[in-house]
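To start, the structure under review is shown below, and the notes come after it.
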Amino acid sequence: MENRFFNRELSWLEFNARVLHQGLRKDLPLLERLQFLSIVSSNFDEFFQVRVASVKRLLIENPNYIDVSGLSPKMVLTSVSARAHQIIRSQQECLMSDILPELASKGFVYVTPMQYSQQQTEYLQGVFKQEIYPLLTPLRTDLEAFPHIKNLSTYAAFILKPIAGIKVGSQELKGSDDQPRIALVEIPGGVQNIYWLPSSNKKTKQFALLQDIVTACGTLLFPGFTVEETLLFKLARDADFAVDEDAGSNFIHAMEDVLIQRKSSFPVQITCDETSTTIVKFLMKKLELGEEDVYRVPQIINPGDLMELRDIDEDGKMSFDRWEHFYPADLPEDEPYWDFLKQHDKILHVPYESYDPVVKFISDAADDDDVLAIKMTLYRTGRDSPIIDALERAAQRGKQVIVLVELKARFDEERNIAWANELERAGVTVIYGLKNLKVHAKALMVIRRESDTIRRYVHLATGNYNPKTAKLYSDISLFTSNPQIANDVTMFFNLVTGYSTLQNMTSLAMAPVTLKSRLISMINREIERSTPDNPGLIIAKMNSLTHEEVIAALYKASQAGVKILLNVRGICMLVPGVEGLSENIRVISIVDRYLEHARIFYFQNGGNPELYCASADWMNRNLDRRIELMFPILDKAAFDDVKSILDTYFKDNTNALELQSNGSWAVCERGKKETAIQAQAELYKKYKKIDETKPKSSEKQFEVRRK
């Protein structure tokens, strides 16, 4: 029998290949294709820092380990290097041979240092001296301690040769014959990457990149030397660190230590241009990297540097058509939602619908004299968050505000520490999560005094409380005052903020205690209620699928005749379409203008269907090592809405790719133009139509005062 599981790392690489696939599509707008190419690079940065670093560590600690896909750490690293090199070659070929020439045809020309005219060289030297030179610090490499190379910073390296006869004091500058003099210069961050050049051609605008200006003007950094060779490079270091969970009251300091470690951890991978073999070999030796760890690109180290070109697309012809974020037609804009939510649940589907209702919900609670308390979790919040402002305002008005800030949110640790300190200064009670468990659940509860009772209003979500990513990530959230759900959310907060043991929740399932067992139980129930005439049906949408127990349960269901439709954006270790194992399982993936982030699970349940949303993917980390919540969609209108959303993804014949049993992804059968269905476009049209048909507010009437 074929292997029952794909390798996790290799499956992730195929996800990044699907992102690249969008960049290669000539039918997409030019700057959107460039955006996808830049995402490929940023994805790789995190992949090498975390996943490849962990496999390298495993190779040292347990080289004979064999994973569920049958691969050893060495085999994984060899396969990862081969496939990652393929993807990066395709990305760079597209960038250099397709994207940049197409930009040039539209009048925007990238000029390399070899192409600078005399006028442009003089102009850039002036820019260099005034704006860039003061920010640069050359580092020599012939001292006993090799200079520290920062994680993911771009550097220029120079081989230097003393100019004959030049002296420092009475000493002539002489270098060793067998040891090249190599200096490193960090390319400054926080400044512009694109510099527009003077040109005699009025029909085109020419630009240079900061990385090239530094290498071209490098001789100005080293008086008395000539530059023989240059190299641009970027180093990825190990970022797979765990905080000391026993740090107690010093937990924030322990978290800060992790951030410091990340900057100086062991090297994992280097990206460089193709200009100097000598410097590459020098760096490989100093950083203890092998040839498989070196990724050479023709010219541009960070394709994302080119995204500053979005500013030139004033008419939007090189970008996707602008899509609005519609305010939900059924929610009041000028008054709080309390009365509405007493009667109805409300589903919010961002970014098609605006995230403003979430911000308004928290802001109204902060300003409402009858609101007694606000409790919520914060995982990733974004900069300049109006949610933080509202929570601080609520605390300053004397309300009880409890916020669980998860400091262990990878790569957002520093920002979350800052938010935690700021909230505490405003009077918010801040909880720093649970020992050994990352709190990934997205929950918000408002407790309000009404007449002779206390009522609780709840918001549960598949995505973070981040208004900025809510314009880019597709997520589902639920507003409700359902007493059963409110009781469960109360128990949830008591558990994560105090010493409460988990009581029986009637509606919610929480990882790592009940969520996995509930999922497997519902999969098994589907088997029990499936018949040849009326086979069971499971439809699920998630970011990644890696949990072996869940995959085994899905295989068992497939063998029992249950039909299983999976929409998995990223990693999928399940092998579909294998006779006798998974022939009833179909896996598709959609990469489009919005990042698909919602987790939705449907179980037919013998004709009494159930529908859930969750903060958790079906991964080991989510189900076994994190605090996560899965919540039911109980309101009929809300149920129909979410089910319709889920069904739409499986109708896509424009962007969908389907996973094959050999691990490749095949383009789904494309519809003709008149029958083409693009899931995200269909969803946008749906919300646009709702917005167009909602009652418009009447024109303002002038009130005449009468005696």
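Data for the structure
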quantity: Long-range amide H partners of Cys572 with built H, under 5 Å; calculated: Leu545
quantity: Above-threshold pairs, the threshold being 23 Å between Cα atoms, out of Lys106/Lys471; Lys643/Lys689; Lys342/Lys375; calculated: Lys106/Lys471
quantity: Of the trypsin sites (Lys or Arg not before Pro) in the range 449-540, those whose Cβ has at most 15 other Cβ within 10 Å and which sit in DSSP loop; calculated: Lys468
quantity: Rg to Rh quotient for the range 552-707, alpha carbon positions, Kirkwood Rh; calculated: 1.13
quantity: Highest average packing first - 139-149, 397-407, Cβ atoms within 10 Å; calculated: 397-407, 139-149
quantity: Unit charges at the beta carbon, dipole of the chain: most positive-side option, Phe222, Gln269, Gly189; calculated: Gly189
quantity: Space enclosed by the convex hull of the alpha-carbon atoms of the range 547-626, per residue, Å³; calculated: 106
quantity: Gln660-Lys129 pseudo-label distance in nm [points 7 Å out on the Cα-to-Cβ vector]; calculated: 6.0
quantity: When the convex hull of its Cα atoms is projected in every direction, mean area for the range 441-559 (nm²); calculated: 10.8
quantity: For peptides 304-311, 589-596, sequence by mean Cβ density within 10 Å, most packed first; calculated: 589-596, 304-311
quantity: Burial ranking of peptide ranges 211-219, 71-79 (average Cβ count within 10 Å, highest at the top); calculated: 211-219, 71-79
quantity: FRET efficiency for Gln86 and His325, using Cβ-Cβ distance with R0 set to 35 Å, rounded to 0.05; calculated: 0.40
quantity: Dipole magnitude of the range 502-565 about its Cα centre (Cβ charges: Lys, Arg +1; Asp, Glu -1), debye to nearest 20; calculated: 120
quantity: Label point distance in nm, Arg140-Leu634, each placed 7 Å from Cα along Cα→Cβ; calculated: 7.3
quantity: Out-of-range pairs (alpha-carbon distance over 24 Å; input Lys442/Lys468; Lys234/Lys468; Lys317/Lys685); calculated: Lys234/Lys468
quantity: Check: the range 417-466 dipole with +1 on Lys, Arg Cβ and -1 on Asp, Glu Cβ, in debye; calculated: 160
quantity: Candidate residues Glu122, Glu324: accessible-area rank, largest first, probe 1.4 Å; calculated: Glu122, Glu324
quantity: Radius, Kirkwood style, for the range 285-348 when every pair of distinct Cα atoms is counted (Å); calculated: 18.2
quantity: Within the chain, helix-based [θ] at 222 nm, where runs of 4 or more DSSP H residues each add -39,500 (n - 2.57), nearest 500; calculated: -10000 deg cm²/dmol
quantity: At q = 0.18, 0.23, 0.24 Å⁻¹, base-10 log of I(q)/I(0) for the range 91-172 (Debye sum, equal scatterers on each alpha carbon); calculated: -1.17, -1.21, -1.21
quantity: Carbon and sulfur %, accessible surface of the chain computed with the full protein complex present, 1.4 Å; calculated: 47
quantity: Per residue accessible area in Å² of the chain, where ligands, DNA and RNA are left out and the probe is 1.4 Å; calculated: 46
quantity: Percentage, to the nearest whole number, of Cα pairs in the range 24-129 over 17 Å apart; calculated: 68
quantity: In Å, descending, principal axis extents of the Cα set of the chain; calculated: 93, 87, 61
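The values are calculated or read from the model by the stated rules, or taken from the named source; none is laboratory data. Owing to the predicted nature of the structure, the values given are computational and were not obtained by experimental measurement. Here the Cβ is made from the backbone with ideal geometry for all residues, glycine too, and neighbour counts use every protein chain on show. Calculation scope for accessible area: heavy atoms of the full protein, side chains included, ligands and nucleic acids excluded. Shrake-Rupley method; radii C 1.70, N 1.55, O 1.52, S 1.80 Å.
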